[in-house]
1. Collect residues whose amide H, placed 1.01 Å from N in the peptide plane, falls under 5 Å from the amide H of S262; neighbours closer than 5 in sequence don't count.
2. Normalised by the number of residues in the chain, what is the relative contact order in percent for Cα pairs under 8 Å and 6+ residues apart?
3. Report ³J(HN,Hα) in whole Hz for each residue of segment 40-55, in order, from the Karplus equation J = 6.51 cos²θ - 1.76 cosθ + 1.60 where θ = phi - 60°; Gly and Pro get x.
4. Would you kindly calculate the translational diffusion coefficient of segment 286-372, applying Stokes-Einstein with the Kirkwood radius from alpha carbon pairs, for 4 °C and a viscosity of 1.567 mPa s, and quote it in µm² s⁻¹ without decimals?
5. How far, in nm, would the chain grow between L369 and D147 when pulled straight, counting 0.36 nm per residue and subtracting the alpha carbon separation?
6. Of the residues G227, G141, G351, which exhibits the maximal mean-square fluctuation in a Gaussian network model of the chain defined by a 10 Å Cα contact cut-off?
7. Putting +1 on Lys and Arg Cβ atoms and -1 on Asp and Glu Cβ atoms, find which of V297, L19, A307 reaches farthest to the positive end of the dipole of the chain.
8. Extending each Cα 7 Å along its Cβ direction at A69 and D197, get the distance between those two points in nm, one decimal.
Amino acid sequence: MRTDVVVVGAGIQGASVALRLAQSGRRVIVLERAIPGAEASSAAGGILSPGVEALEPGPFYALCRASLARYAGFVREVEASSGMSVGYRALGTLEVALDDEHARVLAGRAEKLEREGLPVQVLDGAAVRVLEPGLSEQARGALFFADEASLDPRPLARAVYVAASRAGATFLTGEVRRIRTEGGRATGVDHAGGRIDAGAVVLAAGSWSLLVEGHGLPAGAVRPVRGQIAVVDTRPPLLSRVVFSGNGYVVPRPDGRILCGSTMEDVGWEKAVTAGGLRHVLGVAIEIAPPLAQAPVVETWSNFRPASPDGEPILGEGTIPGLFYATGHTRNGILLAPITADAIAAAVTGGVPPVDLSPFSPARLGAILRQR
Ligand SMILES: Cc1cc2nc3c(=O)[nH]c(=O)nc-3n(C[C@H](O)[C@H](O)[C@H](O)COP(=O)(O)OP(=O)(O)OC[C@H]3O[C@@H](n4cnc5c(N)ncnc54)[C@H](O)[C@@H]3O)c2cc1C
């Protein structure tokens with residue numbers, strides 16, 4: 001079998017990249033060993049927050065903002081194509097300080113962002129509780145990132161998969177075992193059911209990326225970091241906005257369910273939901289909004305962030321021509337899907353990526369890993 005591009009993995013990255021490549025007229029085959037979108041991309045909270053996640057102005061912050069700026073359009077597009085709703089809500093993100101030390105940290109962050117003219121509002125405790133009356137009386141104040149958003153990643157992953165299929169991408173079931181090279185160039189893949197020759201390969205296998213032979217990345221470039229989530233049900237809805245504290249977060253859905261997350265655990269691919277994990281995420285949620293202690297727990301799950309050594313994604317071509325990376329998105333793969341799709345599709349098709357990909361090149365990883 002021969003195609004223009006073969007994509008390894010049909011999570012949010014693989015499906016979004018396939019969507020853009022198919023729209024550019026390329027023949028694209030996406031190989032997924034299990035169910036498209038069913039791994040990390042369905043386990044995420046769905047927070048789209050450069051303000052809390054990127055911390056410092058710089059290339060990663062700019063990448064996150066560029067992706068956030070694309071999100072409303074991306075959602076309109078995949079909703080129209082798939083006929084599904086992905087629960088996008090642009091109500092802003094709060095990071096609350098529940099003690100004086102965290103209040104000092106937040107004040108320092110606000111100063112840096114304001115100095116660079118970047119969007120942030122500083123709220124005192126009373127103003128925070130006007131926005132979210134369900135929050136703890138302990139809230140000393142908060143940073144408010146008013147133009148940020150959240151969505152439900154499960155329908156998003158499915159909608160992007162449907163949109164990519166309708167744009168012409170072919171999704172096949174098959175575990176990729178090896179990236180083939182000839183004369184040092186990537187020429188396709190071997191998978192459980194055979195071989196596919198291609199002009200380019202995109203590695204988007206999430207936390208499993210280094211299990212694909214011939215990946216071309218240094219050892220430790222991507223590892224699984226488990227995250228656990230518990231969902232509680234509030235009626236009427238207790239909160240509207242995503243709220244972070246220094247220890248975790250809560251993500252309200254419009255129907256009153258509230259996701260409580262998450263842990264960051266180096267336990268390999270052990271997909272357990274543990275008593276300690278639940279104690280942590282529920283404890284954080286109750287600290288943020290004490291009435292949650294009375295809410296029934298209705299669902300729990302865990303999955304694996306594809307973690308890079310610096311928490312930033314691995315994007316673009318590395319040392320093997322024709323092999324492109326869309327992996328290592330760590331905590332922000334949902335947020336970064338639209339910019340990843342545009343940037344990787346441009347790189348694969350010889351266009352100019354909409355952002356400079358050099359800070360996210362796999363070339364940075366060797367030095368970071370050697371320092372450890
Ligand atoms: C608990 C939790 C909460 C999170 N919250 C957020 C959040 O609020 N906001 C945010 O932006 N991000 C969040 N994330 C991070 C986000 O989920 C990930 O960064 C993102 O989903 C990664 O997408 P992906 O497509 O690379 O990986 P995945 O969704 O894991 O997809 C990889 C796919 O590749 C397939 N695959 C693997 N190996 C092979 C192979 N050899 N052959 C074929 N297929 C293969 C897998 O089956 C899988 O379907 C969270 C993650 C977790 C775990």
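What follows draws every value from the coordinates through simple rules; no lab data is involved. This is a predicted model, so every value here is computed, not measured. Glycine gets a Cβ as well: all are built from the backbone with ideal geometry, and neighbour counts include every protein chain shown.
1. Close amide H contacts, sequence-distant or interchain: Y249.
2. Worked out over the chain, it gives 23 percent.
3. Couplings: 3, 5, 9, 9, 6, x, x, 7, 10, 9, x, x, 8, 7, 8, 6 Hz.
4. 85
5. In short, 76.4 nm is gained.
6. G351
7. L19
8. It works out to 4.2 nm between the two label points.
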